[in-house]
Structure formats: structure tokens, C-alpha cells
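One structure is given here, and the rest of the page talks about it.
The values are calculated or read from the model by the stated rules, or taken from the named source; none is laboratory data. Note that the structure is a prediction, hence the values are computed from the model and not measured. Note that we place each Cβ from the backbone using ideal geometry, even for glycine, and neighbour counts take in every protein chain shown. Heavy atoms of the whole protein, side chains included, go into the accessibility calculation; ligands, DNA and RNA do not. Shrake-Rupley method; radii C 1.70, N 1.55, O 1.52, S 1.80 Å.
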Amino acid sequence: MEARLYILNVEKDPAEAARIAAEAAQRIESKQLKLLELVQSIGEHLTDEDTTTRAKAIGYLAAVLDSLNPRTLTRHQIPVVSQFLCDRLEDETGLKSTATALTALGKMEYFGKNEAIMVATALVKVDLPKHPPSTRFMALSLVDALMARHRDALKEMGDTWIAGLADLVGGEKDPRNLMIVFSVMKVILVEFDISNHEELMFDIIYCYFPIAFRPPPNDPHKITAQDLKSRLRGCLAATPRFSGLLFPRLIEKLDSTTSSVKLDVLQTMSACALSYGPGTMSIHCSQIWDAVKFELLVAAGDEDLVKEALEVLMSVAISLSSGIRAYPSPNTPLARYLKAIVTECLNLLKEPQQKQAKPAGQIVAIVATASAVAHAFIVKSTFPVFMSILSDAVAITKRRALMESLNLMFEATGKVYGTWSEKSDPQPISNLLDEYSEKLFEVYSQALMGSSPEETSYRLTAMRGLGLLTKMRDYLADSEIGMVVQYLDDVALEWNEKEEVRDEALRILREISTYRGKLIMDITFPAFMARLPDSEEHMDEHKHYRATLEALAKLSSERPLFEVMLTRLLNKLDVILQENCSPDYPRSILLTVLYVLRGRATSPITSEEAKAYYQRLIPRLVTKTVLPLIGKSQSSTILADEKVVDVTGRLMVIILQNVDGDLQKSVVSDVFNLIVFNQPSSLLIDNSEAVAANFKPLDIDAESQTSTVAVLLAYVLASSRREIALPYEDLHNFLQKIITVAENPKTPSHRLALLRIIGLIVNKWMTQKTDIEKLEPVVEGLMKDITTTNGGFNNVSGERLRVVFWVVKALLMRVERLGLYYISKLIELLGDPTYGDMVSRGFGVLMGDDELLNKQHYAVVRLLAKQQVFSLCLPKLVDGFKSAIAETKPNFLIALSNILRNVSSSVIKPELPALLPLLLQSLDLSDAEVKAATIETLHVTLLESADALKEYASSVITRLLTASGVDKGTGNSPAVRISALKCLESFPEALRTELILPYKRDVLRKLMTVLDDPKRTVRNAAVDCRHKWFHLGEQSS
Amino acid sequence: MDGKTANANPTILDRSDLPTRQPALTPESRLSPIESTVPTYPLDPFTTSPSPLSSTSSDDATPDPIDAQEIYDLVANITDPEHPISLGELAVVNLSDITVHDAPHSPFSHVQLEFTPTVTHCHLATVIGLALVVRLRESLPARFRVDVRCKEGTHSTAEQLNKQLGDKERVVSAVENASLREALRKMMLSV
């Protein structure tokens, strides 16, 4: 009964069918139903005329078996069911179901050896290749299951199984099935006796090599060519019996012109070399060397091929080295293999500056990494020659080229015998390079320090070599390493050196700092600090202190080094502040600290660490900034300079962002005490009462430097989380106070700081509905005298307009309705002849990313805020532009370009049809900034959605050509000309040739004049652009 | 080894030894990474629009003349027809063998470039010479006369070769040749 129901349901309602099977299984488990009865119940369907019914009937049995607990069927039931199913294997139409059922049966506890043999014997009689892939898949899964659980039984079957299996899997083409075939075959090759079938097995497997498979789109099995390649490679490498058949074929295939095939061949060779064992490899190593060396020395293909070819040579050497624990005697295969290599390569390396010497050096080095014994052999047979070339050769190019190869050898030695940063396993044979250490150190030191500074590459090579020698564990003596550090210090501090030379010296010093930090602290830091002048008087005219600071910063990324540097720099700062100086030097010193802290992105600063930095740095700096301003210190007031305070503020941000909430909170209250409330503040180390009485940075008539210190408030507000309540009770009152100060800013950075304070308060702390309601009259008041003006430009109104933009910016980040309302007002103001220009620039601020008012500094930013603002503004701008008078039209275009510059191209893309006419008009303006921004937008459009530009190609190309012409009051600055040329250069690749071919002649002719541009950078861009167009329409093969 | 190769194992210069334009940067003008940790704000974005371009673009007041280094940079990256190596690295073109006479407002400017084949019997010297002529013609203003020749004593058939390269019509017809054109295209891929 259930059988019939199952057969009826299995196609139209698989879930129901599964339920029926599961229920039957349960009844069998609870002994309400006997399995034999169930088998009998399907019996009647097995003689059905309809082949699918027969298959479904077996499918029912399979589904029931699959749902059964493996312990349910007894020792007696299993053979019966097995026999029954094996008989069914003869019914070809039911093969898929039968195989499924057998796979399920195979999982039963009492399915034993005899059953496995019974099934295997029946299975090999099936003519599998004629079945469809999904059926073959089930049969192969059965094979896989048998191999997994009853391998010994199958081994007993001997040749019957192996030959039978060969018939089953031969000619398989389906990738999913091949994945099974390869993994089954690998087991056969490794564990079964295939001595009678070597060639048969090889043929079955090798016929798939090389895999040229491209997965179909949406392949549900997600099998890649690489998956197949790796499995196939596993089979080929599985048994050394294949070596005689395989290597000659692989070598032949190396002649292929397809590099993916070559790559596959080389990778397969490596895999085989590593697994076949030394005995087998000793037979084939010389033919492999002959074949692979051709690839390296003559063909010299791309980097990947070179890498894999070298890998093969190394793998062979690794294989031949196995078991050898002492220096290889001449008649061992390893010695013969290496000797052949050395003879050939050494010959080439005698003329090291020639092309083939480079691969020869790579070969020698890579085989030396194979093992300590290979390393010993290579060193012993090459270094005497290398050293004599070095002592004879006078030509620097020759010495340099050889030293390049030696450097590779040092790297090899580092891999075998370990470096300071990476220890190696103990090696059976000592490092033969040891005996050359003094000589090498001498030669390399001489090359670096004793040759003319003009010899860039020679000295770079020498320096890298010294770096590698230093890095090798237990190689150079500590005194020698110390000397290397001194040499590198000298190079890094020698301003006449080329930059790349100094950079390389620093790079190596930095590497040394990771394993010999103490040497850097003891030798390098004092040397560098000594170069920092104590006052401006002692400064050289080129201000080299910047480079010195840069070098110090680059060496101080590790915490202990940073702390030493911090102490030394702060002491230096104290010395400098004794005398008057310009803000640049103290600023650079603080920037150095900031640079290192910012560079710590990879290993975040812990809160404990941040707290320590806070205590050492911030109160000290704030005190030194403030006290001189109220006459409580004789030191220079220069730390209160706007350029320096700015950096102090940023230091506070990076440190405060990493401290815990409690400290953050107390710093907020301290900074309010210092700047807003004029109360004693613990940001000061001493004199806090005097400061409270005399230091009033928010007073309208405060001194400029005193006012500037308010900048710190902006930075502290930026680094505070929103949850930290501000100590000012009535925020509106506070905002109003700041706005009043902002109406008369003292300096540009003072102005920016006040605007930011306004933006930060509005965005982060005025989030209640009532806050917004109170905000509206404030903005209205600020706008009032602008909109009612009929006189000329008024400075205070200008400042108020800036405040409006920042308030609106802060609101728009949260997409507040009030913000959206005022943005429309601002667009209307673009038509104002007095303030329109200023408003147009303001849109850059409105849409731009601010460094402090942003998500990283805990601002509220709604998802897609910019996108919403953009789609609101665009139609208004387009309409405004259309109806504006000629005089104010450019304002709309400038505003547009300021908006476009700040939204992503995916947002712009759908609006392009509406935008393009405006963009083209922007190119006719004579404003360089607008032009540059517009060309940038066009360029991005061209690269990302060229189709949108298709119908405008003619006008765009014409305007770009015009924009690439020299500036004659057209606003075509060199930067505009270059970006126009770069955009033009992208046309041939972005649009179909036939679309732009009509313009080729014109472009080439016009660009001929640009080739004569007065600026070289423009000429270079013109040459590249013209080159692209020159070859437009040519066949590329 | 391939019998057709003219010179399988030529001498190669290291890239860092090739002549480059030394940027006229003193440590003062060089923007150190430390100084650029922090943006230098423009005075006021509301009156002048902020621009990342203004710092890099130099003005037109001081023109840069076309000099030998510029010519060298135009041709040094052309790939040799038989090695994947540039003419600069192979020392086929050398800065010292380039002379430029640039008279911006007269039609009589000229460039002379002498190249050095890697071996005296190099049968590819013609192709190299041709590539140099084509590249310079394509890249220099029309007022320049381009004179590419084989350096004296560096090639067995130098005289004949120079005649070919100097003959405008022969150059034009050579470039019309499809296989030659393809060879040139490949050499120029790296410029």
C-alpha cells in the first residue's frame, strides 16, 4: 500500500513521499513491519511494464533504507537484501535507485565483507558509460562508499575489481563524477596492487591531462578547473610506477604555447617529484633539468612560469636529498643532479651582467633552499668562484650583478638555517657559508660605503645584501651588526643620497628594529636626535629636520621604540621652546608623534596604552600652550599658534578615542572648565587657578592666540561618544554663545573650529524634537539679513551664512526635515547676485566629508543620506539653472559640481540624462575648479557607464579637446588640461571603435598642437592620449 | 637554442641606473609623509573652492623646454623585438646620444638620436630604428625634424640603415607593411 502511495507521490510531492518512507522506516524499527514484507510489497511493481515505475519502486526501498537506524537490520537480513538488490542491478532502468539503495545498505552495521564483495562483483558487470551522468554519479558514489568502508574486501578481489573499475570509470566526462573518479583512483593507485594494470591505469587517468575545463555559468556544483586539476594531479603523483610513462609526456607538453598548460605541467612535475621518492627521481632528474632549464634560461616566460619552473628544480632537489644527512658524496644522485646544475649556471654567472645570469642565479639559490645538504653542496661548489670573481672584477656593473645573485643565496641560507625572526629546525650539517662571513661583510661594506654615491643600484644591492646577512640567525657577529646599523644610519642621514637609497636604508633599519630593537635605541636614535637642531638658528637652510623626524617615525612603530622616541622628542621640544621660533618646527615634532600613532592601525592602541600616552602627553602640552599666554611661563607662546594647536587637537582625538569612557568624560569636563567655564581644570599641570582667572578664549575681544586654543574644544567634542553628556545645561544657550563668537572669527582655523563645534553639537547632542524646534528660529534669524539684503556684501552675514551651512549639514546627515527645508532655501539663494557665489561654494562643505563631523567620530549618519539629498537637490538645481539670469547661471553649475564631487558615481548614474547637458555647459565656464571637477565626473561616467555618454560623444570630445588647449583666460590650468587628456585617452577603450572612429582624424590633428604645450606633464599626457587614438581601429592580435 | 636569435644573452642595465629626470625637489619642497599626515586647509572653502589639484598643478608661467631626457623617456620603454626588455635597459638608446635643439617659435627645431644595436650584425636594427622614428614622429610637435641613426661603428650595415631611416617615403611605406606594423605595435605596448 505504502509502496503504491510512494510511487504515486514521488514526482509531484517529494515531501510527502519522503514522509511515507520515513514512516515505513519507523515501523520497521519498532518491529511493526518486517523488511521482508516491504520488499515483497514492492515486488509486484518490479514486473511493471513501465520502467519508471520499477525504478520508483526500488527508490522507495532506497528511501526507507536511508531512513533506517544502521543497527536495525540483522545479520541475517543484510545478505538477503543485498542479494535482492544486486540482482536488480541487471535492470538498467532502475540503476540509479538500486545504486542509491545499495549505498544506503552499505552504511548498515552488519553489512560485511561478503556483501561488499557481492555488490562489487555485481557492480562491475554494469555497463556504466551508457547511462546518463546523474545515474553514473549514484553508481560512483556507491563505489566511493565501498572504497571507504570495505577497502580490504575489495583488495581481496584483486584484478577483478581493478579491471572492472577501469571499465566502470573509463571515459567519464562529467566534472562532478570525475571528482569522485579521481579520488577513488588515487586510493587504488596508492593502496592496491596495480602491477598488472599499470599502463591501463595510467591511460585512464592521463587522458584527462591537461584539464581544459571551464565551469558553466551558474554551475550548482561549483566545481572549478582548479579542483579538477588538483585531484588529477593527486592521481598522477600517487604512484612512482607512473614516472616512466609520465615524465616524457610532461616534458613534451612543456612545449605547449598555452601558458596555463605549461603552468599545469610544471606544477604536476613538482607534485610528482615530491611524492615519487628519491629512487625514482634519480632516474628522471637529468631529463627534467634539461627541459626545465630551457624554460628558465631561454624561453623566460612570465613570472608565474619562472616561479613554477624554479619550484620544480627545488622539488627534485628536495626529493633527492631525502635521507641524506651528510655532505653528499660525488656519486650520489643528489650530487650528480646538483653538479649538472652548478656546472651550467656557474658558467653563466661568470658573466653576471648578461641576461641569462639572472635566471642562473635564481636556479642556484632555489636548489640551495631544498635542504641543508643541497645548500652545503651549492655553497662549496660555487662560493670559491664567486669570491674570486668579486676580488678580480673591477667593473661595478659586473660586481653588482653577481652580488644580486649572492643576495638570493643569502635568502636561501636564511630559509635553511633560519633568520632572527624565524627559527629553523636544527640542521644535520653546519652552515658552510659561515666561513665566508668576514669576507662577505667586508666586500658588501666596502661596496656600500666605499663607492661613489652615484652608483645607485650597486649600493642598493650592497645594502640589501647587508640587510640579508644581518638577518641570518647567528651569522654576523654583534659588533658587525652594530656596524651595519651605523652604515645604514649614515646613509639614511646623508641628504645628498638619492631618496630611494635613503628609503631602503630606513626599510632595513626598520627590519632590524624588529629583532635588534636595542641597537636601534642605542645607536640609531642618538644619531638621529643629534641631527635635530636645538633652535632655529642652528637649522640648516633645507630644514632637514623633517627628514630626520620622518626617519625616526618610521623606526618607531613598535611600542618600546615609540616610548623611547616620545621621551626624547618631548625633551627636545622643551629645549626648542626656550627661544622664539616659527611654528613649523614644534609642529613637525608633534606631527611625528601623530604619524606613528596613526600608523598603528594594524595593532590597535589598547585603552591602557592610550591612558599612559594621555598622561604623558596631553596635560603637558596643554599647559605649555596656555601658560605662556597668561605670562606664567617664560617659554615661547608658539604652541598656541593655530598650526600647532591643530596638531595638539588631533593628538587628543587619536588618544581619547582609545581611552575608556570615564577618562573621556573627565576630559570633556576639563576642557569645558578650561575653555567655556573658566574654572580650574586638571588639563593643566600647574597654575590652574591663575589660568581660570586670566584665560578666556571665548571672549569676543580675546587675543588671537588665546582664541585659537578654543580649537581644542572642537577636537574633544569630536572624540566624545554621544552618550557622554555635555556639562553645559542649556545646549541652546551654549550654541548661541558659539554662534556669536563665530560671527567674528580670528583666524581661518579658529573659524573652522567654531563651525565644527556648531555642527558637532547639532548633530550629536541636539537630537530631540524640542531641540529641532528651538533650532528653527535660530537658522531663520541667521538667514534673515542675507535674504533681505539690498546693499553690498557684509562680512558678518557671510559668517552667518557659513553657520547656516554647518547647521544644515549637521541636520542633513540625519536627514532631518528642517535640513531639507533649508537646502531648498539655499538653492534659491544661488540666484542671489551678492551671496550666490558664496552659496555655490558652500555646497562643497554641505556635501563634503568633514574630518571631524563624521561617523568615525560618532556623528549620527543616516543610511543613504547623501543620496536622498542629491535626488532632492538635482531637479531644483536644473530648474534654477534654467530660470536664472545669465549672471548667476554659473553659480548653479558650480554648486552642481561641488555636489557631484561628493557623491558616488552609482548615485549619479541614473540621473545622467538630466545632468549631461549641464555638465557640458560647465565645461564652457572659465573656472578651473569647476572644469576639473566636471571632467572628473565625465571620466568616471565614461569608465563606469560609457553607454550613457554614447550620444554625447561628439560634444564631449570637442569640449575635451578645447579644454586641453593652453590657458588663455579659459580656466584651462595645466591640471585641467591633463585631466581632459586623460579622459580623452579613455575613449578608445570605453566606447566601441565604430562609434568614435569618425573623430580620430580630428583628435589626432588637434592633439598635434597639444604636443607643443609649454608644460612637460601636459605633453606627456598628450603623447599617451595621442598614442591610444593613433592605434584606434587597428587590428590587435 | 633558437638559431634565429640575434643575441640570446645581451648585457642588461639595472632600471635604477637608467637616467631619470631628477625631480627639482629640495627637501623643503618635498612633501614629507609626516607633514601630509594632516591636511593643510585652504583659507576658506566658501570663497575659494577646495581643490586637491591646486597643490600639484604648476602654473604656466615657467615653460618646460623639450630636452634630451624627455626624448629619452619617450623611447626608453619601447620593448626590444626579441627580448621582453626595454631599449633603455639594453642600452640601445642612451641619454648621451640624444641631442635636442628646441627653438619654440621657429620651425627649425630638431632632435638627433643615435642608437646602439646590441651586436654589430643585429638584423633587427632596422625594426628598432623604425620604431624610434615612428615613436618620435608620433610624439613630437610638427616643428621638430627627427633624425634617427645608428651610432657610428656599431653596426655592419650602418650606412645603408641610416639612409633607409632618413628617407621619409621609405619609412612611410615600411609602416604600411602589415607584419612590420604588428611588430611595431608589440614593441610600443609598453610605452
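Couple of notes before you dig in:
- Residue in the range B:50-66 that is farthest from the other protein chains (Cβ to nearest Cβ), counting only those that are buried (at least 17 other Cβ atoms within 10 Å of the Cβ) and at pLDDT 65 or above: B:ILE66
- For the condition open to solvent by 30 Å² or more (accessible area, probe 1.4 Å) and modelled with pLDDT of 90 or more, B:GLN160 does not qualify.
- Residue in the range A:887-906 that is farthest from A:THR834 (Cα to Cα), counting only those that are away from chain B (no Cβ under 13 Å) and within 35 Å of the chain's Cα centre (by Cα): A:SER906
- Extreme residue, modelled with the lowest pLDDT, among residues of the range A:540-562 that are closer than 13 Å to A:ILE589 by Cβ and not polar (S, T, N, Q): A:LYS543
- Condition met for A:VAL815 (touching a residue at least 60 places away in the same chain (Cβ under 8 Å) and either surrounded by fewer than 22 Cβ atoms within 10 Å (Cβ to Cβ) or not in a helix (DSSP H, G or I) (or both)): no
- The requirement of being among the charged types (D, E, K, R) and surrounded by 15 or more Cβ atoms within 10 Å (Cβ to Cβ) is satisfied by A:ARG233.
- Scanning the range A:598-608 for residues being in contact (Cβ under 8 Å) with a residue 12 or more places away in the chain and more than 10 Å from chain B (Cβ to nearest Cβ) gives a total of 5.
- Hey, A:LYS113 over 23 Å from A:LEU46 (Cβ atoms) and in contact with an Asp or Glu (Cβ under 9 Å, 6 or more places away or on another chain) or not: yes
- Per-region count, the range A:890-921, residues crowded, with 19+ Cβ neighbours inside 10 Å and either of a type in the set (Lys, Arg) or touching a residue at least 60 places away in the same chain (Cβ under 8 Å) (or both): 4
- Residues being more than 15 Å from A:ALA104 (Cα to Cα) and either more than 49 Å from the chain's Cα centre (by Cα) or small (Gly, Ala, Ser) (or both) - total across the range A:131-151: 1
- Residue check, B:THR47 at pLDDT 80 or above and open to solvent by 50 Å² or more (accessible area, probe 1.4 Å): no
- Filtering the range A:527-578 to residues that are more than 10 Å from chain B (Cβ to nearest Cβ) and of a type in the set (Asp, Glu) leaves A:ASP534, A:GLU536, A:GLU537, A:GLU558, A:GLU563, A:ASP574.
- Test for A:LEU872: is it farther than 26 Å from A:ARG814 by Cβ, part of a helix (DSSP H, G or I) and either open to solvent by less than 30 Å² (accessible area, probe 1.4 Å) or modelled with pLDDT of 90 or more (or both): no
- Condition check for A:PHE793: within 14 Å of chain B (Cβ to nearest Cβ) and crowded, with 19+ Cβ neighbours inside 10 Å: no
- Leading residue by the ranking (most open to solvent (accessible area, probe 1.4 Å)) among those in the range B:117-133 that are of a type in the set (Ser, Thr, Tyr) and in a loop (DSSP other than H, G, I, E, B): B:THR120
- Annotation for the range A:676-695: at least one member residue is in contact with an Asp or Glu (Cβ under 6 Å, 6 or more places away or on another chain), without any contact (Cβ under 8 Å) to a residue 24 or more places away in the chain and part of a loop (DSSP other than H, G, I, E, B).
- Residues that are without any contact (Cβ under 8 Å) to a residue 40 or more places away in the chain and within 16 Å of the chain's Cα centre (by Cα) within the range B:118-132 comprise just one, B:GLY129.
- Answer residue from the range A:946-971, given it is crowded, with 17+ Cβ neighbours inside 10 Å and farther than 25 Å from A:PRO1014 by Cβ and is modelled with the lowest pLDDT among those: A:ALA948
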